[in-house]
1. Identify the single condition in (1) closer than 25 Å to Val248 by Cβ; (2) at pLDDT 95 or above; (3) assigned to a strand (DSSP E or B) that Val491 does not satisfy, given that it satisfies every other one.
2. Of all residues being open to solvent by 10 Å² or more (accessible area, probe 1.4 Å) and in a strand (DSSP E or B) in the stretch 202-233, which is nearest to Asp43 (Cα to Cα)? Just the residue, please.
3. So which residues in the stretch 302-322 are assigned to a loop (DSSP other than H, G, I, E, B), surrounded by fewer than 17 Cβ atoms within 10 Å (Cβ to Cβ) and touching a residue at least 60 places away in the same chain (Cβ under 8 Å), if there are any at all?
4. Testing Asn250 on (1) polar (S, T, N, Q); (2) open to solvent by 20 Å² or more (accessible area, probe 1.4 Å); (3) outside any helix (DSSP H, G or I); (4) farther than 23 Å from Pro495 by Cα, one condition comes back false. Which one is that?
5. Inside the stretch 463-504, can you point out the residues that are under 20 Å from Arg408 (Cβ atoms) and among the β-branched types (Val, Ile, Thr)?
6. Quick one: in the stretch 346-368, of everything that is open to solvent by less than 40 Å² (accessible area, probe 1.4 Å), outside any helix (DSSP H, G or I) and in contact (Cβ under 8 Å) with a residue 60 or more places away in the chain, which residue is farthest from Val391 (Cα to Cα)?
7. Within the stretch 45-62, how many residues turn out to be of a type outside the set (Asp, Glu), closer than 18 Å to Pro194 by Cβ and out of contact with any Ser or Thr (no Cβ under 9 Å at 6 or more places or on another chain)?
8. Taking the stretch 124-151 only, how many residues are within 19 Å of the chain's Cα centre (by Cα), part of a loop (DSSP other than H, G, I, E, B) and small (Gly, Ala, Ser)?
Amino acid sequence: MGPRHIGWASLAIVVAALCGSPTSAAEPTPTPGGEAVFGLEADWHPMDPLRADAVDDADVDYAIYSTLLKVTPKGEITPGLASGYTVSADGLTYELTLRPDLKFQDGTPLDAAAVKFNLDRELDPKNDCWCRAFISSIASVEAKDALHVVLHLGKPYAPLPYALAGIFGGLVASPTAIQKYGKDYGNNPVGAGPFRFVSQQAGNYVTVERWDGYWEKGLPYLQKVTFRAIPDAQARYSSLLSGSIQSVENAAFRQVVAAKANRAVVVQSIPALGTIFVMFDVKKPPFDKVEARRAVGYATNFAVLNKGLYHNLYTPVQSPFPPASWAHQPSVPGYPAYDPAKARELLDKMGGLSFVLSVQNSPETLQLAEALQSEWKEVGLKVKIKQVDQVTLINDAHNFGYQAAIYRYRGAFDPALSVSPFFGCNASFNHVGLCDEELDKLMHAGVAEQDKAKRLAIYRKVDARLAELFPYDFLYAADWWRLHTPKLHDVPPMPDNTLDLTRAWLEK
């Protein structure tokens, strides 16, 4: 059999995206020019695809880089740097066709050789790319000719198009710039995205400006974009009200309530594909014992916290698949839901339990941590809270420098990408150190299967096994709230929480 030609819309997954403010019947015409400032919740890693991780990394990286494929807010895979692709009947060979005459922002050609360079670099274990778990099914990359890249897989991998449309495998950087700057490349990024890097101040801001050579002609509209790290949610909101920024990313509960009563602010509600959870290092005491992990689960009552802290703004979850995911189930059999008597029973058998909970140093995360600490104390858990900045929290997660941590994953359109990179043996995002043969077999089956109904049945079993092993104490769906000035238009509601500013524009 010959290759299967994939229609872009055939991969669509319906994801609802609601906007808090009504839109007019006749949308105004985009106006080129202007500068928009976006208030992000934290600092970012160096702007190198090898180190892309958090939502804030993605926001900055998507401005500078283009991806091989793109994904719409509804989960449809569409052309990116590649104008199309084919898949062999056995699912082991993908051939990407690149757009002709593509250039990087340094004027060098973006061709098949450049794509091969990037994927080879990310797949090389020596480079320790955090993305490797998302593309490890690729056994080799071939530059067939200037416009055709062939990916040879070691095993079928259904979610590969979504990896090639994201920061974990889809970003394409200039080989010339990487070789020129070496280890300092992340501070001198060169891509083929809508904006080119201008300057940065670590921990404060990154500024990018319109790149005239962008492959989508006539875009972007904005002349300049600045990303500012403002960890305090109230400070982000105050900056919006004062006009010093045009958008607040990931607004906290109190600011969302205030914004809904303010006609000068647009509230964008985005049901997300990710989750917020407490994760455990299962390789070291005390959480090398599943009883310790399950005791924390039985002691956690997020429904009460959700009502008291957030007025039921968020949706409690028991798995990596929130309501926006097609693999979602509200209640997972065997999940250690709130039961203080069972928590005390396990703690009595263990002779007690104490640990350190690492959290990001934002007032909102600290409030959640303190509420959990108080709740856990009621059953006898002794918990100390350790606050660190987001970059440190992520680095500690990658290096197993924590015992338990409140963490977030922004989610993925394909459920495989919310489990395999995080719980697979030796996977690059397996921050908990879990390695379970039964779970591994299920996850391998999930990525190899193409039939959606059969895949759903597999992920039901994945849910059940995770509930038994309990490496994460799931709290709630990471629904995203964006607050912005009415003058900012056409920032799409991406359920993976990321910013796409290709068509964004400001009214003058």
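The values are calculated or read from the model by the stated rules, or taken from the named source; none is laboratory data. Predicted model, so just to flag it, every value in this text is computed and none were measured. Neighbour counts are summed over all protein chains in view; Cβ atoms, including those assigned to glycine, are modelled from backbone coordinates with ideal geometry. When the accessible area is computed, the model is the full protein with side chains, heavy atoms only, and any ligands, DNA or RNA have been set aside. Shrake-Rupley method; radii C 1.70, N 1.55, O 1.52, S 1.80 Å.
1. (3)
2. Taking the stretch 202-233 as the starting set, the residues that turn out to be open to solvent by 10 Å² or more (accessible area, probe 1.4 Å) are 202-205, 207, 209-213, 215-219, 221, 223-224, 226, 228-232.
If we keep only those that are in a strand (DSSP E or B) as well, we get 205, 207, 209-210, 224, 226, 228-229.
Working: Tyr205: 8, Thr207: 13, Glu209: 19, Arg210: 22, Lys224: 19, Thr226: 13, Arg228: 8, Ala229: 5 Å.
Checked the stretch 202-233; the qualifying residue nearest to Asp43 (Cα to Cα) is Ala229.
3. Leu313 - this is the single residue of the stretch 302-322 that is assigned to a loop (DSSP other than H, G, I, E, B), surrounded by fewer than 17 Cβ atoms within 10 Å (Cβ to Cβ) and touching a residue at least 60 places away in the same chain (Cβ under 8 Å).
4. (4)
5. Thr498
6. My answer is Leu353.
7. 4
8. Adding up the residues that qualify gives 1.
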